[in-house]
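Just below is one structure, and these are the notes that go with it.
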Amino acid sequence: MHCPVCPHDDTKVIDSRPADDGAAIRRRRACPECTYRFTTYERLEEAPLLVMKRSGSPEPFDRAKVTFGVRSACKGRPVDDVAIDALAEAVEDDMRLAATAGTEITSSTVGHAVLERLKALDEVAYMRFASVYKNFDDAAAFRRELALLKQS
Ligand SMILES: [Zn+2]
């Protein structure tokens, strides 16, 4: 990479470390000619994954939001952060695969994918997430869901 300051056409990488939780590589570069130092970031170039909200407007998939929701549901449950992060990652993978296959990803698609995986992880967390996500409007709906859960 050429120096942004002088006409020298090559710079040296003097430091390289993961950034953005490993999603990027941060490199410190120095120009051997004028000693100017600057930083570059290397990232995976990927198409943004868009999620259709209930309002009908798209927003980029936000894995942090999934992690946050699942973490809240798992509060006080024997589920560690590693498992929660892995779940969020798996959901993102599922959504990318589905989107690649031509499925429209909606907030409801994401919610169901989370529920499916949470069910295998912790039943109480699953019920908590379901009650928030599905907006159970009455206690009967909640009990029906609980009964279904017990059968499976
Ligand atoms: Zn230079």
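Quick notes on this one:
- For the range 21-53, the tally of residues that are of a type in the set (A, V, I, L, M, F, W, C), within 16 Å of Ala88 (Cβ to Cβ) and either in a strand (DSSP E or B) or out of contact with any Pro (no Cβ under 8 Å at 6 or more places or on another chain) (or both) stands at 2.
Table: residues versus (1) under 28 Å from Asp85 (Cα atoms); (2) in contact (Cβ under 8 Å) with a residue 60 or more places away in the chain; (3) more than 11 Å from the ligand (Cβ to nearest atom).
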position	(1), (2), (3)
Val5	no, no, no
Val13	no, no, yes
Ala19	yes, no, yes
Ala24	yes, no, yes
Arg27	yes, no, yes
Cys34	no, no, no
Leu44	yes, no, yes
Leu49	yes, no, yes
Asp62	yes, no, yes
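- Any hit, the range 111-131, residues being modelled with pLDDT of 90 or more, under 30 Å from Met1 (Cα atoms), in a loop (DSSP other than H, G, I, E, B) and not β-branched (Val, Ile, Thr): no
- Condition check for Ala73: surrounded by 15 or more Cβ atoms within 10 Å (Cβ to Cβ) and of a type in the set (A, V, I, L, M): yes
- Enumeration of residues in the range 54-89 that are farther than 15 Å from Phe129 by Cβ, among the small types (Gly, Ala, Ser) and in a helix (DSSP H, G or I): Ala64, Ala86
- Looking across the range 23-36, the residues that are modelled with pLDDT of 90 or more and loosely packed, with under 14 Cβ neighbours inside 10 Å come down to Pro32, Cys34, Thr35.
The values are calculated or read from the model by the stated rules, or taken from the named source; none is laboratory data. Bear in mind the structure is a predicted one, so any value in this text is a computation, not a measurement. Because the Cβ atoms are built from the backbone with ideal geometry, glycine has one as well, and the counts that use them run over all protein chains shown.
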